[in-house]
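The values are calculated or read from the model by the stated rules, or taken from the named source; none is laboratory data. What you see is a predicted model; the values in this text were computed from it and never measured. Heads up, the Cβs are rebuilt from the backbone with ideal geometry, glycines too, and the neighbour counts pull from every protein chain shown. Calculation scope for accessible area: heavy atoms of the full protein, side chains included, ligands and nucleic acids excluded. Shrake-Rupley method; radii C 1.70, N 1.55, O 1.52, S 1.80 Å.
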Amino acid sequence: MNISISKKIKNPILPGFNPDPSIVRVGEDFYIATSTFEWYPGVQIHHSRDLVNWRLVSRPLNRPDLLDMIGEPCSCGIWAPCLTYSDGLFHLIYTDVKRFDGIKDTPNFLTTCETIDGDWSEPVYLNNSGFDPSLFHDDDGRKWLVNMVWDYRPNKNPFGGIYLQEYSPDERKMIGPVTNIFKGTDLGLTEAPHLYKRNGYYYLVTAEGGTEYDHAMTMARSKTIDGPYEVDPIKHFVTSKDNPDLYIQRAGHGDFVETEDGQVYVVHLCGRPLPGPQRRCVLGRETAIQEAYWNEDGWLRLKNGTNEPDDIVEHAGLAACEWPDENPRTTFEGEELPIDFQWLRTPYKDELFSLTERPGYLRLFGRDSLGSWYYQSLVARRQQAFNYRSETKIDFSPESFLQKAGLVSYYNSHKYHYFYISINDDGQRILSIMSCEGDPSQNFIFPLSSSEYASVTDSDGNIVIPSNGAVYLRSDVAGSELTFSWSMDGDNWNQVPCVLDQSLISDQAGKGAGCSFTGAFTGMACQDLAGTKIAADFEYFDYIEQP
Ligand code: 6LW
C-alpha cells in the first residue's frame, strides 16, 4: 500500500490562543498541552500522528475538584501545563493562578490518567512557590519537579530562579530539599523549566526574556540533576528577538520531543502581530514547531542553521494522518458542548447554559454582566485566523434594558465588542453595540443613528427591530477591522454603519501584554441584571475562516 508522506509543516501548528506548549510522544501518538487561563475546562490537548495535522482531543480539568476558577481575575487560572507519560500513565502538572498582581498565589497540582481523554485522577497538591512547574521522570524511577520561583520581596529579582525538589508518587507529596538549580542568563525573566536526560547529561530548557518580543528558549546542562548547570554557548537556541521581520515572532516558552527514529522537533510559543507599529497579536500566543538536531558538542540546534524560527518546516517523513475538516456550522443537537467551545471560570456549566432544555438549541441563562469574573453566560470559540465570519440565530425576548443577548468578539473583561439585542424605554426591541477598549470602567454604547441608514433608529441611536421573531447576527473580521450585520430572515442583511477596531481584541491593547495572556474569541452571550435568568436560545453558530 502506498503510504502517503506528510506534506511540509506550516506554522503555527496550533493557531490562535494556544500558548506555553508541552509535548509528549507515546508510541506513534504526539500530544501537546497548552494553557487555557480563565477558560473552562482547563488545559487544551491536541493530538497528531505526523506532527503536521493536529486535532483537539481533550480538556482534562473538567470537574470542580480539578479546577474551580470562580472569581479569578483575567489571565489567572491555568498557566503553563506540563504533560508527560511514565509508568503507563499520562501525568499532567498544572498551576491554577489565583492572584496576578504583586505577590502571586500559584498552587501547583498533579493529576494522572491512563488515557488522554479519560477521567483524570483527583489532584495532588504540590507547592505554591511559583509557576511553570514540570515533572521529570528520571531513569532510576525517581521523579523531580522543577518550577520557577516567584520572589515577591522588594529589591529582589521576582524571577528568582528554578527550584528543584523530588516528588514521591508513593507518598503523593513533595519530599527532600528544595534546591535553586539555575538563575538564568543576562536575558532574565527565567521561567518555563523542563528537564531531560541524554548521554549522561541533565538538560534544562527554560524560557527567558518574557512572553513579548524578547522571548527566547535557553538551554543549560549538568552531570548532576541539582547542578551546577553550564549554559549553552549560544545561550538561546530559539528566538525571534533579533529579527523583527520574521513572520514567527515572540518565539520562546517551549519543549522538545524525539520521533521513534530519533528526529528532534521543538515546539514553542509564538505570536504573529498585525502590521503596524503597535505589533498587536489578535490571535494571541500560538504554538509553532521547528526541526532540530544535537550537534557534535551535545547542544540542540535548529536544522535551519540559525536560532530563528521558520514558518514552513520540513516534515518528519511520518505517514500522513489527516483529520476530518471541521464543519463551519455548529449546531446543538447533542447533550455536550462541541469541543471547540469554552465558557469562563465555573465548573458548574448548568448554571450558565443548557443543551437539553430546548433540544436542538444552546440555551444561555442571562446572568452577570459581560466581563464578570463570576457567572458570565458566554460560550465562545477561539479566533484562529486573521479573517473570519461568525454568525448565529437567536430567539430572545427581553423585557428590560437590563437583559441583553448577542454576538461578541471577546478578549477579556476589558477588551470586547458586543453586538446585542435588548429593549428601549419605549418597549421596542433594539440592537446596539457595547465596546470596552481596555479600561474596565469605560463601556461605550455606540449611537448608531445615521441619516443614510435604512433602518429605524431610536432617540438613543439604537437600531429598532421587530418585537418578535428570531434575529440573525453576523460579525466580519478582516485584520484590525470588525463589522457587525443583522437580518430578520437570514437572507436580507443590514451592515451596521461603523467599523470597530478588532486590534483591541489582542494581548497588547488596553493594559497591555504584561497582564493579557489569553486570546480573541467569537461567541454567544446573555446577561440578565434583572435577576430572572432570562433564556436566549441559539440555533447555530457559524465560524468561517476567510483567506
Ligand atoms: C507562563 C509563563 C509566561 O506560565 O507567561 O511570559 C505565563 N511567560 O511562562 C502564561 O503564559
query: Hey, which lysines would be in cross-link range of LYS104, C-alpha to C-alpha under 25 Å, not counting anything within fewer than 8 residues on its own chain?
result: LYS156, LYS173, LYS183, LYS415, LYS511
message: I need the Debye-formula profile for the stretch 246-339: one equal scatterer per C-alpha, no solvent, reported as log10 I(q)/I(0) at q = 0.13, 0.20, 0.25 1/Å, two decimals.
response: -0.65, -1.04, -1.26
task: Starting from 0 in steps of 20 Å, tell me what percent of the Cα-Cα pairs of the chain lands in each bin.
output: 22, 53, 22, 3
message: Under 16 Å from a point placed 7 Å out from the Cα of ALA319 along the Cα-to-Cβ direction: which residues of the stretch 45-59 have their backbone N that close?
response: 48-53
- line: The ³J(HN,Hα) series, computed from each phi in the stretch 516-527 with the Karplus coefficients 6.51, -1.76 and 1.60 at θ = phi - 60°, rounded to the nearest Hz and given as x for glycine or proline, is 10, 10, 9, x, 7, 10, 10, x, 10, 9, 8, 10
- request: Step through the residues of the stretch 181-194 one at a time and calculate ³J(HN,Hα) from phi using the Karplus curve (6.51 cos²θ - 1.76 cosθ + 1.60, θ = phi - 60°), rounding each to whole Hz and writing x for Gly and Pro.
  value: 8, 7, 9, x, 9, 5, 5, x, 6, 6, 7, 6, x, 9
- prompt: Given labels modelled 7 Å from the Cα in the Cβ direction, how far is it in nm from ASP151 to ASP491?
  reply: 7.0
Cα-based Rg of the stretch 329-545 normalised by 2.2 N^0.38 Å, two decimals: 0.94
task: Would you give the gap between the C-alpha center of the stretch 20-63 and the C-alpha center of the stretch 223-289, rounded to a whole Å?
output: 18
statement: Given 333-342, 21-30, 190-199, the highest-first ranking by average Cβ count within 10 Å works out to 190-199, 21-30, 333-342
message: I'd like to know which of GLY334, PRO60, GLY271 lies farthest towards the positive end of the charge dipole of the chain, counting +1 on Cβ of Lys and Arg and -1 on Cβ of Asp and Glu.
response: GLY271
field: Convex hull volume per residue in cubic angstrom - Cα atoms of the stretch 462-519
entry: 122
- prompt: Å³ per residue of the Cα convex hull, for the stretch 91-131?
  reply: 68
field: Options SER459, SER435, PHE386, ranked by Cα towards positive dipole end of the stretch 365-503, top entry (Cβ charges)
entry: PHE386
task: Provide the descending list of Cα extents for the stretch 4-319 along its principal axes, expressed in whole angstroms.
output: 47, 45, 43
query: Accessible surface of MET488 in the full protein assembly, 1.4 angstrom probe, to the nearest 10 Å²?
result: 60
- prompt: When the dipole is taken about the Cα centre of the chain, and only Lys, Arg (+1) and Asp, Glu (-1) are charged at their Cβ, what size is it in debye, to the nearest 20?
  reply: 820
query: If the cut-off is a Cα-Cα distance under 24 Å, which lysines reach LYS303, setting aside same-chain residues fewer than 8 apart in sequence?
result: LYS7, LYS8, LYS10, LYS197, LYS235, LYS241
- prompt: Amide H to amide H under 5 Å from GLY252: which residues, 5+ apart in sequence or cross-chain, H placed 1.01 Å off N in plane?
  reply: LEU269
- line: Scoring only Lys, Arg, Asp and Glu (+1, +1, -1, -1) among other residues with Cβ under 14 Å from the Cβ of LEU61 yields -4
- request: Can you tell me the order of 415-422, 320-327 when each peptide is scored by its average per-residue count of other Cβ atoms within 10 angstrom, highest first?
  value: 415-422, 320-327
- prompt: Summing +1 for each Lys or Arg and -1 for each Asp or Glu, what net charge is found among the other residues whose Cβ lies under 13 Å from the Cβ of ILE181?
  reply: 0
Electrostatic dipole magnitude of the stretch 329-545 [Cβ: Lys, Arg +1; Asp, Glu -1; Cα centre; debye, to 20]: 460
query: Per the 1.4 Å probe, what fraction of the accessible area of the chain, in percent, lies on carbon and sulfur atoms?
result: 47
query: For ALA478 and LYS223, what does the FRET efficiency come to when R0 = 56 Å and r is the distance between their Cβ atoms, rounded to the nearest 0.05?
result: 0.55
message: How much accessible area per residue does the stretch 329-545 have, counting only protein heavy atoms and a probe of 1.4 Å, in square angstrom?
response: 37
message: Can you give the local net charge around ASN157? Use residues other than it whose beta-carbon is closer than 14 angstrom to its beta-carbon, Lys and Arg +1, Asp and Glu -1.
response: -1
message: Relative to 2.2 N^0.38 Å, what does the C-alpha radius of gyration of the stretch 1-68 come to as a ratio? Two decimals please.
response: 1.29
